[in-house]
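Only one structure is covered here, and it is reproduced in the block below.
The values are calculated or read from the model by the stated rules, or taken from the named source; none is laboratory data. Keep in mind that what you see is a predicted model, and the values were worked out from it rather than measured. A quick note on method: Cβ atoms are made from the backbone with ideal geometry, for glycine too, and the neighbour counts reach across all protein chains shown. Calculation scope for accessible area: heavy atoms of the full protein, side chains included, ligands and nucleic acids excluded. Shrake-Rupley method; radii C 1.70, N 1.55, O 1.52, S 1.80 Å.
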Amino acid sequence: MIAETSPGLRILVWLYTSSLGRFFLLLLTRLRFVSELFGWWQKNRFTKQHIRKFVEQYQINVKEIELPIDHYNNFNAFFTRKLKPEARSFTTDPMLLPCPSDGKILVYPFLNPNTSIPVKGALSTPGKILGDSVDSSHYIGGGAAVIRLAPYDYHRFHFIDGGNAGATQEISGNYHSVNPIAVGQIPDLFSINKRSITEIETVSFGRVACIEVGALNVGSIIQTYVPGTVIRGHEKGYFQFGGSTIVLLFRPNSILFDDDLLTDSSNGIEVHVSAGESIGKKY
């Protein structure tokens with residue numbers, strides 16, 4: 001068991017639990033330009049000086065990063081860093097389900113119309129998360145995986161399987177933090193934040209909805225893929241500066257999550273995972 005630390009944790013507690021903090025929170029989360037401005041700030045050259053301290057504080061493995069630290073000209077460039085090809089290996093076994101990104105995971109083996117995602121106390125159901133962009137009834141009776149990325153994680157995300165990916169549908173919204181502190185205070189957080197939704201007809205797991213959720217200080221969600229044929233493990237996109245979340249929705253009788261993840265998730269315990277790591281298998 002590890003107590004999570006992340007940049008600005010004290011500020012988050014103040015924003016989400018104090019009266020004055022909530023006043024400023026209303027401005028921060030509803031005004032898109034605030035998060036965009038923060039993202040722009042992190043692209044300035046003088047922010048390069050923060051990279052090495054960030055690496056040391058959060059013990060980031062520099063051996064797996066594509067370029068030496070000094071090659072990144074600003075903090076956002078480092079934040080959206082690529083890794084060496086061998087740093088994240090995606091299994092080629094069609095029976096296994098790889099995780100799309102680094103982060104901390106919770107899994108839900110069975111979704112009914114009232115299933116709360118991502119944690120107890122949150123009221124974001126599959127229908128609310130998908131909005132009007134996708135018919136959520138197809139995913140009732142299926143499963144879900146929620147992967148939460150902290151600011152120090154590798155922030156590029158990948159395809160879980162080969163197949164055919166449709167165009168991404170953007171849903172505008174707020175920019176609340178996705179830290180558990182915020183989730184516990186904002187009931188509909190995952191259905192009121194900005195979201196990017198892509199349905200993928202996968203080879204092994206049928207149709208899957210992949211939802212990237214924006215968060216406080218996320219400059220933007222960048223899609224780097226081209227709609228059409230996609231390959232397991234290939235990059236789908238990345239988050240610019242800020243913590244973020246990915247939600248995967250599966251249709252009934254398509255996926256069996258690993259037993260240890262089911263046990264921990266039922267107890268509200270997030271498990272750290274890496275992109276490409278197996279989290280389940282084909283039903």
Within region 265-279, can you find the residues that are without any contact (Cβ under 8 Å) to a residue 12 or more places away in the chain and either assigned to a helix (DSSP H, G or I) or within 16 Å of Gly143 (Cβ to Cβ) (or both)? Ser266
What number of residues within region 246-264 are outside any strand (DSSP E or B) and of a type in the set (Val, Ile, Thr)? 1
Restricting attention to region 235-270, which residues are among the aliphatic types (A, V, I, L, M) and farther than 19 Å from Val213 by Cβ? Ile255, Leu256, Leu261, Leu262, Ile269
Could you check region 195-209 and list, in sequence order, the residues that are among the β-branched types (Val, Ile, Thr) and touching a Cys at 6+ places or on another chain (Cβ under 9 Å)? Ile197, Thr198, Ile200
Could you grab the pairs with beta carbons closer than 7 Å, sequence gap of 6+ or different chains, first residue in region 66-81 and under 18 Å from Asp153 (Cβ atoms), second one in a helix (DSSP H, G or I) and open to solvent by less than 20 Å² (accessible area, probe 1.4 Å)? Ile69/Ile51; Ile69/Val55; Tyr72/Ile51; Tyr72/Phe78; Phe75/Thr47; Phe75/Ile51; Asn76/Gly39; Phe78/Ile51
Take region 250-277 and flag every residue that is under 16 Å from Pro98 (Cα atoms) and either open to solvent by 60 Å² or more (accessible area, probe 1.4 Å) or under 13 Å from the mean Cα position of the chain (by Cα) (or both). Leu256, Asp259, Asp260, His272, Val273, Ser274, Ala275, Glu277
